[in-house]
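The values are calculated or read from the model by the stated rules, or taken from the named source; none is laboratory data. Just so it is clear, the structure is predicted and the values come from calculations on it, not from any experiment. When we count neighbours, we look across all protein chains shown, and the Cβ atoms used for this are built from the backbone with ideal geometry, even at glycine. Accessible surface areas use protein heavy atoms only, side chains included; no ligands, DNA or RNA. Shrake-Rupley method; radii C 1.70, N 1.55, O 1.52, S 1.80 Å.
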Amino acid sequence: MKLILLGAPGAGKGTQAKLISDYYAIPHISTGDIFRSNIKSGTELGKKAKAFIDAGALVPDELTVDLVLDALSAPECMGGCILDGFPRTIAQAEALDAAMKAASDAIDCCIDIEVPDEVIIERMSGRRVCPSCGASYHTVNVPPKTEGICDSCSAALVIRKDDEPGTVKARLDTYHEQTQPLIGYYTAQGKNIVIDGMHSPEEVFSEIKEKLG
Ligand code: AMP
């Protein structure tokens, strides 16, 4: 099963991708996580990507597409995978379709998690992440056991630079302009399923399982 997760930043893609990856036993490929780990380890890719990410813009397609196609060609992805945060532009979707077609393969389904902008802004202002293990929390909805401290590895939680209020607005604009058109792209292929992201993570996941059949 080859799946794509679509949705505005903060719609819950990362949380659902982990649940889907565990339940269906397929690898989780997150372009955001790949970029963040490259930034952390100071690679050339990380250096190039950082300025775009910090500004709430997309990393250019030429730095992104090959990275994902490489990851997808790994043997562990043969049986399926969940793509979280890719594609984010029509050009990326077309490149993905072309690569899949060349391998006599295809995306099965695009899962579009819908959450209104006002809720996204509220969610992202409370998001805290662990800089050490990557775990994600929310000051109100998913608080850590001890305020400001990661439950898993005890590191001090931080606000992602791109979750700062000015950047959130830029990320939402980027989403509406460049990524939302993908809903039409996958609907035209009969592959888009719409999920209401306004419920608890467990309820959202139940709806995904039900609609995937
Ligand atoms: P995410 O964690 O998925 O919200 O991604 C964080 C940031 O990484 C995004 O705001 C973009 O700047 C960048 N990014 C992630 N995936 C892509 C992609 N498919 N194309 C371009 N930029 C991306």
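Structure summary
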read-out	value
Solvent-accessible ranking of THR43, THR167, largest area first, probe 1.4 Å	THR43, THR167
Order of exposure, largest accessible area first, which applies to LEU69, LEU83 with probe 1.4 Å	LEU69, LEU83
Per-bin percent of Cα-Cα distances, the stretch 5-44 [10 Å]	28, 44, 27, 2
Computed accessible area, ILE34, all protein chains, 1.4 angstrom probe, square angstrom	40
Mean accessible surface per residue for the stretch 1-106, computed with a 1.4 Å probe while every protein chain stays in place, in Å²	45
Rounded percent of accessible protein surface that carbon and sulfur make up, the stretch 1-66, 1.4 Å probe	58
Separation between Cα centres of the stretch 1-24 and the stretch 29-70, rounded to whole Å	19
Fraction of antiparallel bridges per DSSP, the chain only, in percent to nearest 5	25
Solvent-accessible area of ASP108 with every protein chain in place, 1.4 Å probe, in Å² to the nearest 10	90
Amide H partners (placed H, <5 Å) of VAL142, local residues excluded	none
Pairs of alpha carbons in the chain whose separation is greater than 33 Å (percent)	10
Rounded, prolate or oblate (a/c below 1.5 giving rounded, otherwise prolate when a/b exceeds b/c) for the stretch 42-122 by Cα gyration tensor	oblate
The chain: most fluctuating residue of ALA170, ALA11, ALA103 per GNM, C-alpha cutoff 10 Å	ALA103
Cα pair distances in the stretch 118-213, grouped into 5 Å bins until the bin that holds the longest one, percent each	3, 11, 16, 16, 19, 18, 11, 5, 2, 0
Carbon + sulfur, % of accessible area of the stretch 135-175 - ligands and nucleic acids excluded, 1.4 Å	57
Magnitude of the charge dipole, the stretch 109-213, Cβ model with Lys/Arg +1 and Asp/Glu -1, debye to 20	360
Span-rule helices in the chain, defined as complete DSSP H runs reaching 15 Å or more along the axis (Cα) with Kyte mean at least 0.0	61-72, 90-102
When each of LYS161/LYS191; LYS2/LYS145; LYS40/LYS169; LYS169/LYS191 is checked by Cα-Cα distance, pairs over 27 Å	LYS161/LYS191; LYS2/LYS145; LYS169/LYS191
Exposure rank, largest accessible area first [LYS50, LYS40, LYS18; 1.4 Å]	LYS40, LYS18, LYS50
Size-normalised alpha-carbon gyration radius of the stretch 2-88, reference 2.2 N^0.38 Å	1.08
